[in-house]
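Student: Sharing a structure here in structure tokens format.
The values are calculated or read from the model by the stated rules, or taken from the named source; none is laboratory data. As the structure is a prediction and not an experimental result, all values here were calculated from the model. Positions of Cβ are backbone-derived with ideal geometry, glycine not excepted, and every protein chain shown enters the neighbour counts.
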Number of protein chains: 2
Amino acid sequence: MRDVYLLGVGMTKFGKYPEIPIEHLGRNAVFEAIKDANINPVEIESAYCGHAFQGSTAGQRVLVELGLTGFPITNLENACASGSTAFREAFYAVASGRNDISLAIGIENLSNKFKGALGPDETDLEAKMGLTMPALYAMRAKRYMYEFGLKKEHLASISVKNHKNALENDRAMFGAKITINEVLKSKMIADPLHKYDCNPVSDGASAALLVSKKVAKQVGGRPIKVLASALTSGKYEPGFINMTFEDITNRCALSAYKTAGVGPEDIDFAEVHDCFTIAEILRVEGIGFCNPGEMISWIEEGKTEINGYKPINPSGGLIGKGHPLGATGVAQMFEIARQLRNEAGDRQINNPRIGLAHCRGGAVAGTEGAACAVHILMKE
Amino acid sequence: MRDVYLLGVGMTKFGKYPEIPIEHLGRNAVFEAIKDANINPVEIESAYCGHAFQGSTAGQRVLVELGLTGFPITNLENACASGSTAFREAFYAVASGRNDISLAIGIENLSNKFKGALGPDETDLEAKMGLTMPALYAMRAKRYMYEFGLKKEHLASISVKNHKNALENDRAMFGAKITINEVLKSKMIADPLHKYDCNPVSDGASAALLVSKKVAKQVGGRPIKVLASALTSGKYEPGFINMTFEDITNRCALSAYKTAGVGPEDIDFAEVHDCFTIAEILRVEGIGFCNPGEMISWIEEGKTEINGYKPINPSGGLIGKGHPLGATGVAQMFEIARQLRNEAGDRQINNPRIGLAHCRGGAVAGTEGAACAVHILMKE
């Protein structure tokens, strides 16, 4: 396997764009990534497009807007981890030596396809009976409260942080200066989760250019090395599933650490899949930054703030930035690149060297989840 | 890149199964491939599932039926070439050295999702104005008739051959002993294409196990070497598109020949994407088996029959076997394995050594198509 570098990133501002075709959102993100990487777009050798609901051959429809076709284009789906999966395949296209420049795209327009929150799939009987995503995460939060003494105020603190981080991010949908009290007074969605504990329904697109060492050296710039790309699915466990510790996240992170040759102690910050505030807790513990239950004291001590010990979701995360499913995984790379290049403006972490991106997607009965991806990136 | 072997194949009989969940069709195909390969299923390290309309994380939903999860599972979409794309990614998972055993799955249940033929995508204005797939291929047939003197009887001969081949294939949906006259008397779909010139709407699933040389040697059996996996998309050509010669097919095939180190003269037979009878002509010429226009004499001389010079679609092809979009590309590998192992019964080609699979998918305005895949396989 060859070394792979993240050379360019692009993303639209996340938001609600029911009138804008996904092809145009995608085009804009790809165009920015090409400019950012400073490469000749005709040198792109393959493209991988992650999305969940954008119809057949969506990646091709995006790229033809730029006249960029004639090479292998592949569409990928892994629910909320679709973008991470596209990034991973583009990574391997370069790592395996078959391409020198590969493009990862993440796209999703939800607001012109769904009214309000996404409903459950019609084949998902558990969800149809009420076990929707907010309900599932509410149960996890309740169990975490029971086991470790978590309070609703802790959850609300995560919402306050992520909305605050998003306020400094010009690509974020939902930056806001809110208080713990405002979170607790926002509409109840599924006890103990209030509206501000949940990520908003969003539209948007993101893109990343992955290149070989040869190209990275030729172009110069500020390439970032991809140390590891891990993907897994939930194990088949028809009986007990641990509600407060994510085996799928943990296995995926351990695999990534092993490949990267680094441990959680070496990671300076992380973008994690905070679809709900409780999810941020489960993910930070799952990737081994701290022990189960320890996030309570971390929150109280501000350790996950931008100026804290381990900043989490400096971009605003899914809660603050928005969560256009397929776009999310690649947009995490946008933030990691910005931070590692010290280009993150008022949300800049103090000179970070290594960042981690974690994404989770999908519910499959009998398992803990459909997909989990962890990527580790380092500035050289 | 390491050598990759096709060790096991499975597929359901293609047909109409509106009552059978896609998870069950997929499970049955995977189970057969595992038995065929004679491997321990817990040794599978990754899976790639191709489909177009089966909903979120369909590959995971198939595999959990067998308790086979906990490793990377990725879903891929490239319209009618979705299965070939899944096969390609599984191929590269092994070729790149990251897995020793990878599973490709192709699935599609259309008859419980659509009534009759697939309608155009709602964003596809050209198709909504009448340029549906049958209309598009009818235009190509008309132009081919004008340029080369093709007759409707030539087209009908392809239908007769593919239905006849399917009659000997226990997995085919639509085996039939029909005459040229019966084809010409079947319902007109889009002049000059009659009903029997078109592939039927179908459901089904297919699976293939790809392994490293090490595993192939351990297991023994009759491994087949994958010499090349090529994928491309149509070039951006806003003006003229050649109606009688497929640049996308030709570029893809030339790329595969180059990688494989063989030429069209070395290929003993091919499964090609005969979504319509005229399509078989365009594909056989596109992959360079003969020159543009030459298929007319090939048909007259029976060169594409099972006992002919270059047998085409011995399985019955899409017209005779059926075409459950995502399942088609992987099902082509089922036929190639059966033929190269001399296991094809009454449709067996005389001791073939090298087979080629060609699949095309999707229409994207401004290009010749969304995806084209060509694979070349050889018995060792």
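Student: Could you check residue B:291 against (1) surrounded by fewer than 24 Cβ atoms within 10 Å (Cβ to Cβ); (2) closer than 26 Å to residue B:104 by Cβ; (3) not aromatic (Phe, Trp, Tyr) and say which number it fails?
Tutor: (2)
Student: From the set of residues in the range A:348-369 that are at pLDDT 95 or above and surrounded by 24 or more Cβ atoms within 10 Å (Cβ to Cβ), which is farthest from the other protein chains (Cβ to nearest Cβ)?
Tutor: A:355
Student: Regarding residue A:36, is this residue within 25 Å of residue A:317 (Cβ to Cβ), over 19 Å from the mean Cα position of the chain (by Cα) and away from chain B (no Cβ under 13 Å)?
Tutor: Considered against the rule, which asks whether it is within 25 Å of residue A:317 (Cβ to Cβ), over 19 Å from the mean Cα position of the chain (by Cα) and away from chain B (no Cβ under 13 Å), residue A:36 comes out as yes.
Student: On to the next question. Give all pairs with beta carbons closer than 6 Å in which a residue from the range B:292-304 that is within 18 Å of residue B:271 (Cβ to Cβ) and in contact (Cβ under 8 Å) with a residue 12 or more places away in the chain meets a residue that is among the hydrophobic types (A, V, I, L, M, F, W, C) and outside any helix (DSSP H, G or I); count only pairs at least 6 apart in sequence or on separate chains.
Tutor: B:298/B:290; B:304/B:312
For (1) closer than 23 Å to residue B:173 by Cβ; (2) among the small types (Gly, Ala, Ser); (3) modelled with pLDDT under 95, each residue gets a yes or a no:
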| site | (1), (2), (3) |
| --- | --- |
| B:69 | no, no, no |
| B:93 | no, yes, no |
| B:100 | no, no, no |
| B:111 | yes, yes, yes |
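Student: Does any residue in the range B:48-69 that is at the interface with chain A (Cβ under 8 Å from one of its Cβ atoms) come within less than 8 Å, Cβ to Cβ, of a residue that is assigned to a helix (DSSP H, G or I) and among the polar types (S, T, N, Q) six or more places away or on a different chain, and which pairs are these?
Tutor: Short answer, once both residue conditions are applied: B:52/B:82; B:69/B:60.
Student: Kindly provide the set of residues from the range A:229-254 that are under 25 Å from residue A:303 (Cα atoms) and either surrounded by fewer than 24 Cβ atoms within 10 Å (Cβ to Cβ) or in contact with a strand residue (DSSP E or B) (Cβ under 7 Å, 6 or more places away or on another chain) (or both), ordered by number.
Tutor: Result: A:243, A:244, A:245, A:247, A:248, A:249, A:250, A:251, A:252, A:253, A:254.
Student: If I ask for residues that are at the interface with another protein chain (Cβ under 9 Å from one of its Cβ atoms) and within 14 Å of the chain's Cα centre (by Cα), which ones from the range B:82-94 would you list? Reasoning before the result, please.
Tutor: Here is the first cut: in the range B:82-94, the residues at the interface with another protein chain (Cβ under 9 Å from one of its Cβ atoms) are B:82, B:85, B:88-89, B:92-93.
Result: B:82, B:85, B:88.
Student: What's the number of the only condition in (1) farther than 19 Å from residue B:225 by Cα; (2) within 14 Å of another protein chain (Cβ to nearest Cβ) that residue B:323 fails to meet?
Tutor: (2)
Student: Give the range A:245-259 a look and list any residue that's assigned to a loop (DSSP other than H, G, I, E, B) and either hydrophobic (A, V, I, L, M, F, W, C) or not assigned by TED's automatic domain parsing to the domain that holds residue A:280 (or both), or say none.
Tutor: Keep residues of the range A:245-259 that are assigned to a loop (DSSP other than H, G, I, E, B), which gives A:245-246.
Within the range A:245-259, just A:245 meets the criteria.
Student: Next question. Pairs needed: first member in the range A:70-97, acidic (Asp, Glu); second member anywhere, at pLDDT 95 or above; C-beta distance under 6 Å; at least 6 residues apart or different chains.
Tutor: Every condition considered, the pairs that remain are A:77/A:52; A:77/B:75; A:89/A:48.
Student: Continuing with this model, one more query. What is the number of the single condition among (1) surrounded by fewer than 23 Cβ atoms within 10 Å (Cβ to Cβ); (2) more than 14 Å from every other protein chain (Cβ to nearest Cβ); (3) modelled with pLDDT of 95 or more that residue A:259 does not meet?
Tutor: Result: residue A:259 fails condition (2) only.
Student: If you go through the range B:227-244 one residue at a time, how many are within 14 Å of chain A (Cβ to nearest Cβ), in a strand (DSSP E or B) and modelled with pLDDT of 95 or more?
Tutor: 5
Student: Sort through A:19, A:23 and tell me the only one that's over 28 Å from residue B:256 (Cβ atoms), touching a residue at least 24 places away in the same chain (Cβ under 8 Å) and within 9 Å of chain B (Cβ to nearest Cβ).
Tutor: On inspection, the qualifying residue turns out to be A:23.
Student: When you go through A:118, A:155 one by one, which is the residue that is touching a strand residue (DSSP E or B) at 6+ places or on another chain (Cβ under 8 Å) and modelled with pLDDT under 95?
Tutor: Testing whether each residue is touching a strand residue (DSSP E or B) at 6+ places or on another chain (Cβ under 8 Å) and modelled with pLDDT under 95 leaves just A:118.
Student: Test residue B:2 against the stated conditions and say whether it is of a type outside the set (Ser, Thr, Tyr), surrounded by fewer than 18 Cβ atoms within 10 Å (Cβ to Cβ) and within 14 Å of another protein chain (Cβ to nearest Cβ). Write out each step before concluding.
Tutor: Values: of a type outside the set (Ser, Thr, Tyr): yes; surrounded by fewer than 18 Cβ atoms within 10 Å (Cβ to Cβ): yes; within 14 Å of another protein chain (Cβ to nearest Cβ): yes.
Judged against the criteria, residue B:2 is a match.
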